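The values are calculated or read from the model by the stated rules, or taken from the named source; none is laboratory data. Being a predicted model, the structure only gives us computed values, none of them experimental. Positions of Cβ are backbone-derived with ideal geometry, glycine not excepted, and every protein chain shown enters the neighbour counts. Just the protein is used for accessible areas: all its heavy atoms, side chains included, with ligands, DNA and RNA removed. Shrake-Rupley method; radii C 1.70, N 1.55, O 1.52, S 1.80 Å.
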Amino acid sequence: MNSKSKSAIVLLSGGLDSMVVAGLAKEAGYALVALTIDYNQRHRIELESAAKIAAHLNAIEHIILPLDLTRFGGSALTADIDVPKDGVEENAIPVTYVPARNTIFLSLCLGLAEARGARDLWIGVNALDYSGYPDCRPEFIRSFEAMANLATKAGVEGDAFTVHTPLLHMSKADIATQAARLGLDAGMSWSCYDPTSDNKACGKCDSCRLRAKGFADAGLVDPTEYV
């Protein structure tokens with residue numbers, strides 16, 4: 001069976017990276033099953049963006065799964081902790097890191113994949129222009145993939161899972177360029193960690209800074225409405 005007749009589970013946050021990953025999976029011929037985790041993050045507008053992207057890419061299924069990580073806290077995105085606005089700090093894991101987020105989210109993708117008969121998981125992790133999160137590194141992805149094939153009936157029976165990370169070694173400029181090449185409206189995506197009450201991007205958080213720089217470096221217009 002080739003990829004043209006297979007479905008892929010895409011972790012779709014609604015951000016630029018996840019939008020491009022979904023576009024690349026579709027371009028590769030996969031039918032998309034999109035999984036968005038509503039973890040009660042402060043940037044709720046991201047969920048609306050995910051729905052727009054899933055619809056635009058004709059996902060065969062889009063699941064928005066509630067998982068209230070504010071019960072855990074421990075992050076500026078899930079607790080009453082200020083989002084840093086002073087610029088991306090070098091060689092430090094910022095307070096916007098959500099404890100074990102990609103491990104939790106990929107585990108949910110894995111369960112959905114096994115239930116749907118899909119063997120391909122697509123996620124927009126990036127190890128170049130990112131905020132220093134440990135769960136965006138290549139060694140984490142390799143380890144998760146190995147675990148996935150030890151932890152599942154499909155994996156044990158030799159029907160292996162693959163975790164696709166096409167953005168892993170791309171710069172934000174590369175990712176913005178890919179969005180344009182795929183014909184995706186970057187305005188559908190949302191990046192800001194701390195939007196205003198009228199849904200404008202703050203322009204100061206790590207995610208806004210990385211996004212704006214990426215579009216500038218690529219020579220492309222960022223359609224985001226910043227404060």
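Here is how the numbers come out for the structure above:
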| quantity | calculated |
| --- | --- |
| Every residue from the range 52-104 that is on the phi > 0 side of the Ramachandran plot and within 17 Å of the chain's Cα centre (by Cα) | A100 |
| Residue list for the range 185-207, restricted to those being more than 26 Å from L57 (Cβ to Cβ), open to solvent by 40 Å² or more (accessible area, probe 1.4 Å) and of a type in the set (G, A, S) | S197 |
| Single match in R211, R142 (criterion: outside any loop (DSSP other than H, G, I, E, B) and either of a type in the set (F, W, Y) or buried (at least 19 other Cβ atoms within 10 Å of the Cβ) (or both)) | R211 |
| Selection status of L77, assigned to a helix (DSSP H, G or I), surrounded by 14 or more Cβ atoms within 10 Å (Cβ to Cβ) and aliphatic (A, V, I, L, M) | no |
| Those residues of the range 186-199 which are more than 11 Å from E46 (Cα to Cα) and at pLDDT 95 or above, in sequence order | A186, G187 |
| Subset of the range 145-184 (residues that are without any contact (Cβ under 8 Å) to a residue 40 or more places away in the chain, in a loop (DSSP other than H, G, I, E, B) and open to solvent by 70 Å² or more (accessible area, probe 1.4 Å)) | E157 |
| Counted residues, the range 27-40 - those being surrounded by 19 or more Cβ atoms within 10 Å (Cβ to Cβ) and under 17 Å from the mean Cα position of the chain (by Cα) | 7 |
